[in-house]
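Please see the structure below; I have some questions.
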Amino acid sequence: MAEPISLPKAERLFWLGRYTQRVYAVLHFFRKFRDVIIDVDAGAYCNFCDLLGIENRYASSRDFFTRFLFDRDDGSSLISALISAHDNALVLREEIKSETLAFIQMAIAHVDGLPPTADVVRWQIVGDYMLAFLGAVEERIRKPRVRDLIEIGWHLESFDLHLRLNYAYDRLLDLRGRLERRLLREPELFDQQKFVALKEEMALPLFDKSRALTLAGQLFRVDNG
Amino acid sequence: MKYATYNYSIRVDFLRPVHSHFFLLRCTPSHNAAQHVVREKCRVDGARLTRGKDSFGNLVHSGAWVTAHDSFEVQTSGEVQLMNEYRLPDAAPNRLYLYPSAYTQPDKKMTQLLKTAAIEKADAPTVVVEKLCALVRREMDYAANSTTNATTAAAALAEGRGVCQDFAHLLIAWARLAGVPARYAVGFIEGEGNTHAWVEFYDANGWRGVDPTHNRFIDTGYIKLAHGRDYEDCSIERGVFAGAAEQKLTVNLSVGMRDYFLGWGNGN
Amino acid sequence: METLIDQRDAVNQWLARYGVRFGVYKGGVFHEQLFPFDPVPRVIPAAEWRFLEKGLTQRARALNEFLLDIYSAKRIVRDGVIAEEFIYAAKGYLPQCENIIPTGKVYNHISGIDLVQANDGAWVVLEDNLRIPSGASYPIIARTVTRKVSPATFEHHEIADNRNYPALLQLMLDHFNVGNGLTVIFTPGRYNSAFFEHSFLAEKTGATLAFAGDLVVEDDTVFYKGLFNERQRVGAIYRRVADEFLDPLAFDRHSLLGVPNLMRAYAKGNVAVINAPGNGIADDKGIGYFVPKMIEYYLAEKPLLPNAPTYLPFYPDDRKYVLANLAKLVVKDVAEAGGYGVLFGRDLDATQLDDLARLIAAEPRRWIAQEVIEFRDLEVLTSDGDGRGKRKADLRAFVLYGDEVKVWKSGLTRYAFHPHSYVVNSSQGGGFKDTWVEKEE
């Protein structure tokens, strides 16, 4: 019999995937917005917050540049996402293996060593560690379900963020396709009807983005009685 | 010789449903030299029970009720043949019963009052216990609901009042200090609406019963469910669950005593 | 060994990568800190190890016999070898465990026995840890890392590999597993000081790491709760939760860390609990004194490893000696652990000594006193002076009791934080070393 996975563990694996992707992707978006802020519109960070659906608690673009990266009291900051990834990973060591966990440990250790005003360029390696983490998930984890849960979290987060940031339709379809291939491997753990509804919504000529986001957020579902 | 029948129920109503409910019951008498169990039954609707003995030799039922429920009822009933004498042979007492336990930890007041009990070195255990019972009666008034399940012997003595649990704890604490092995016992007696607590003490090759609340040595009429160091070891119903904490407890007990056997077809 | 020292930074980077941490509570707040590692290993020659192995095996066997006896017939008390006060008044004695015979009649599946080496080379036992001894993971990781960083070091030294601990542990756990069920490592949670070790050992042994809510007892059988109400039978629980929190229906009723009715399943023999509940009585500081007597009583053998010279103020002769020599003794409160409640007479002033004497006279059973052992210094690397220093160090040896008794060829060497300190507990600062056991010729 396959070794069982408890519900809290399944949830942690899924959120580990989401948070690592969030660190990786938001770091990328952050740099793109930084260009816009420098070249076009100093207030573009407000736009960034609106699109991601996070509270705009920043006084200026300068304030945004440092606090969005380093403020541990700001639940939306990158460091908070990294800490959440770490919190989940730490209690999953025996499933994901020390070698995989190490990339998150190293990312945290790296950020801990930065001055709190450091520029985002110093975060480059954190993004690299997240990609290495995903590679280690693929390489080191033997239980398919453990791998699937992390990867579904990873791809769902990617789809969610790109949708929020109004990426081109064909990009979204591509990301949704990656997600779908993994969802099909775990039909019991995810609400297939919600996924069908998501596809139907997105097939409309002018689809409702917020409904699509809501449906995506409701995909993970475990009925444990 | 008496035949005693008992019908006992504990019902807990929860304000909101609870789940993952696990429990351990000590509500069924087991066989000993002073009581022969003719028949007994214990059930909890909605849950499966398993039987066993705890490390003190008490009969326990354990069970789990994982799904949501807003009430929980233990129903236990049976018939017990009670001997004329409450005496449980035991070649040597477990000396654990000479040491203080959580509820019977002596304090300064207890050790000082003990000196006023006029116990002589040559006193037999029965005499010692008799004197200690008198001391309990002197220091304690019976007052319903004046203490809680968590009240220790020392705390009850400081208040000067308590219920059967406190009387038993205090007598046990004093008996142990005076060198007489003593243990807590809980069960049913006639004419009470809930369980009763008394004391067993060791006297020449066996345990005898004494009821400090009623200030008497026990001959018959007591159905024992459990014994142990103190209240902690003898919980009738102990449980943990997830969910709302607000609950209402309803207890029902009826005990009947007859001098003859009713036969198998009666009662429950 | 020099290469190993040169590679110190590389070693530390690897340790950070593994996240070798332990948790401490400071002012009620939980912190995780790295456990400082000193690359100079403690080296134990083969012949010396052979002797230690025999002595430790003997000790573990006698302690197991003691536990079997104490929770049933108590012959050793009846025969007057140990006064009953040391059993019934001890915090570690749990009447709830009376007459439960664990599967395979083993209580101390994993013993962590703390020793020091005196200046004359003799090994002396300080204390036995039979409840939930921790620390085995650190030397495994230290070896893993040092072998990665400086493989050449191991070409020149014939050292027994210590990375087999998880395999030994797994073998032992499988031996006791009931009904071919799941083996779980049961942790109190990530805020426990040894959580790192719990998760590391789960990874390396392939056991499932279980938290309180993951385990349920139904029909006096333990199950792991999977997804969709799947229940998988659990056959062995390597628990790292203390006895008092293990089962809220048998012990502390307010415990949220436990598994309700676990003791029922255990009493019926439906699950192996490792280590057995109730072991606290055998590693009570007051009982340590009697271990050489246990060896003679149960095994009819001469004790190989001596205790540190110990006095029990409970006995009038010992009390007289202790009160007269307080200034040169180390006094321990039997109710405390983890380096707390340890008082060195020489560190106390006259008033403090008087106070301590009064405490001992008032509650003699609560205290033990030991001669201070002048134990060997080990070399450590320091960041000041010439970079080398001396520190007091102990050794925690791990003895696994499965179908046979095995002593792991390594152990946790802990050294004191300050140059002249004798306190080597990790919760009091200080660090650790790898322990090298030389291979037989």
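Throughout, read-outs are computed from the coordinates displayed, never taken from laboratory work. Note that the coordinates shown come from a computational prediction; the quantities given were computed from them, not determined experimentally. For neighbour counting, all protein chains shown are included, and Cβ atoms are generated from backbone atoms with ideal geometry for every residue, glycine included.
Only Lys, Arg, Asp and Glu count, each charged at its Cβ (+1, +1, -1, -1), so figure out the dipole size of the protein assembly as shown about its Cα centre, rounded to 20 debye. Could the numbers behind the result be given before it?
Details: 111 positive and 121 negative charges, 144 e Å.
That gives a dipole near 700 debye.
Then there's this: Select from segment A:140-225 those trypsin sites (Lys or Arg not before Pro) which occupy a DSSP coil region and have at most 15 other Cβ atoms within 10 Å, ordered by residue number. Could the numbers behind the result be given before it?
Values: sites: A:Arg140, A:Arg142, A:Arg145, A:Arg147, A:Arg164, A:Arg171, A:Arg176, A:Arg178, A:Arg181, A:Arg182, A:Arg185, A:Lys194, A:Lys199, A:Lys209, A:Arg211, A:Arg221; in loops: A:Arg142, A:Arg185, A:Arg221.
Of the trypsin sites (Lys or Arg not before Pro), the ones in loops of segment A:140-225 whose Cβ has at most 15 other Cβ atoms within 10 Å are A:Arg142, A:Arg185, A:Arg221.
Sequence neighbours fewer than 8 away in the same chain don't count; with that in mind, list the lysines whose C-alpha is under 27 Å from B:Lys248.
Cross-link targets: B:Lys41, B:Lys224.
List, in order, the whole-Hz ³J(HN,Hα) value for each residue of segment B:66-73 obtained from phi through the Karplus relation with A = 6.51, B = -1.76, C = 1.60 and θ = phi - 60°; use x for Gly and Pro.
7, 7, 5, 8, 10, 8, 8, 9
List the residues, sorted by chain then number, that are 5 or more residues from B:Val60 or on another chain and whose placed amide H is less than 5 Å from its amide H.
Residues meeting the amide H criterion: B:Gly52, B:Lys53, B:Asp54.
Show which lysines lie in cross-link reach of B:Lys121 when reach means a straight Cα distance below 26 angstrom and same-chain residues fewer than eight apart are skipped.
Of all the lysines, those that pass the test against B:Lys121 - Cα under 26 Å, at least 8 places apart if same chain - are B:Lys108, B:Lys109, B:Lys131.
Name the trypsin sites (Lys or Arg not before Pro) in segment C:120-197 that are in a loop by DSSP and that have at most 15 other C-beta atoms within 10 Å, would you?
On the way: sites: C:Arg131, C:Arg143, C:Arg147, C:Lys148, C:Arg163, C:Arg190; in loops: C:Arg131, C:Arg163, C:Arg190.
Passing both the DSSP loop test and the Cβ count: C:Arg163.
To continue, here is another question. Evaluate the charge dipole of segment B:84-166 about its Cα centre and quote only its size in Debye, nearest 20, assuming +1 on the Cβ of each Lys and Arg and -1 on the Cβ of each Asp and Glu.
Numbers: 10 positive and 10 negative charges, 45 e Å.
With Lys and Arg at +1 and Asp and Glu at -1, about 220 debye.
Right, another one. Would you pull out the residues with amide H under 5 Å of B:Gly228's amide H, same chain only if 5 or more places away, H placed 1.01 Å from N?
B:Tyr184
Straight-line reach from C:Lys390: which lysines have a Cα under 16 Å away, not including same-chain ones fewer than 8 places off?
Within the straight-line cut-off, C:Lys390 pairs with C:Lys433.
Sticking with this structure for a sec: Points 7 angstrom from Cα along the Cβ direction at B:Ala244 and C:Thr351: gap in nanometres?
5.8 nm
Put +1 on the Cβ of every Lys and Arg and -1 on every Asp and Glu Cβ in chain C; which of C:Gly19, C:Pro303, C:Phe344 then has its Cα farthest towards the positive end of the dipole?
About the Cα centre, the residue reaching furthest to the positive side is C:Gly19.
Return the sequence-ordered ³J(HN,Hα) values of segment C:394-408 in whole Hz as given by the Karplus equation 6.51 cos²θ - 1.76 cosθ + 1.60 applied to θ = phi - 60°, using x for Gly and Pro.
In residue order, the calculated couplings are 10, 9, 9, 8, 10, 10, 9, 10, x, 6, 9, 8, 10, 9, 5 Hz.
On to the next question. Quickly rank C:90-97, C:228-235 as a protection proxy: mean count of other C-beta atoms within 10 Å, highest first.
On the way: C:90-97: 19.6, C:228-235: 17.6.
Most protected by this proxy first, the peptides run C:90-97, C:228-235.
What does the C-alpha gyration tensor say about the overall shape of segment C:310-371? Classify as rounded when a/c is under 1.5, otherwise prolate if a/b is larger than b/c, or oblate. All intermediate terms of the calculation are to be shown ahead of the outcome.
On the way: a/c = 1.40, a/b = 1.04, b/c = 1.35.
Taking the square roots of the gyration eigenvalues as a ≥ b ≥ c, segment C:310-371 is rounded.
Report, as an integer, the average count of C-beta atoms from other chains found within 10 Å of each Cβ along B:17-23.
Details: counts 0, 0, 1, 4, 1, 11, 3.
Counting Cβ atoms of other protein chains within 10 Å of each residue's Cβ and averaging gives 3.
Still on this model: Residue farthest toward the positive end of the dipole of segment A:7-217, with Cβ of Lys/Arg at +1 and Asp/Glu at -1: which of A:Gly53, A:Tyr19, A:Thr100?
Of A:Gly53, A:Tyr19, A:Thr100, it is A:Thr100.
Using modelled backbone amide H atoms (1.01 Å from N, in-plane), which distant-in-sequence or interchain residues come within less than 5 Å of C:Val222's amide H?
The list, which skips near neighbours in sequence, is C:Val234.
Something else now. Per residue of C:9-19, what is the mean number of Cβ atoms on other protein chains within 10 angstrom of that residue's Cβ?
Taking the mean over all residues of the peptide, I get 3.
With runs of 4+ DSSP H residues as the only contributors, calculate the mean residue ellipticity of chain B at 222 nm using -39,500 (n - 2.57) per run, divided by the residue total and rounded to the nearest 500. Walk me through the numbers before you get to the answer.
Working: 4 runs with 44 residues, N = 268.
Calculated from helices alone, the mean residue ellipticity at 222 nm is -5000 deg cm²/dmol.
On to the next question. Need one value for A:90-102: mean number of C-beta atoms belonging to other chains within 10 Å of its residues' C-beta atoms. List each step's numbers first, then the result.
Numbers: counts 7, 8, 3, 12, 13, 5, 1, 2, 9, 3, 0, 5, 5.
Taking the mean over all residues of the peptide, I get 6.
Under 19 Å from a point placed 7 Å out from the Cα of A:Ala168 along the Cα-to-Cβ direction: which residues of segment A:14-50 have their backbone N that close?
Output list for this probe position: A:29, A:32-33.
Label-point separation (nm) for A:Arg122 and B:Val37, each offset 7 Å from Cα along Cα-to-Cβ?
7.2 nm
With a cap of 14 neighbouring Cβ atoms within 10 Å, and only residues DSSP puts in a loop, list the chymotrypsin sites (Phe, Trp or Tyr not before Pro) found in segment C:173-212. Working shown, then result.
On the way: sites: C:Phe176, C:Phe186, C:Tyr191, C:Phe195, C:Phe196, C:Phe200, C:Phe211; in loops: C:Tyr191, C:Phe211.
Qualifying residues, ordered by number: C:Tyr191.
May I pose another question? Per residue of segment A:109-123, in order, report the coupling 6.51 cos²θ - 1.76 cosθ + 1.60 (Karplus, θ = phi - 60°) as ³J(HN,Hα) in whole Hz, putting x for Gly and Pro.
4, 5, 5, 4, x, 8, x, x, 10, 4, 6, 4, 4, 6, 8
So if I place +1 on the C-beta of Lys and Arg and -1 on the C-beta of Asp and Glu, and nothing else carries charge, what would the dipole magnitude of segment B:1-114 be about its Cα centre? I want it in debye, nearest 20.
On the way: 14 positive and 10 negative charges, 35 e Å.
Roughly 160 debye for segment B:1-114.
Need one word for the protein assembly as shown: rounded, prolate or oblate. Basis is the Cα gyration tensor (sqrt eigenvalues a ≥ b ≥ c); a/c below 1.5 gives rounded, then a/b vs b/c decides.
Values: a/c = 2.20, a/b = 1.34, b/c = 1.64.
It comes out oblate by the Cα gyration axes.
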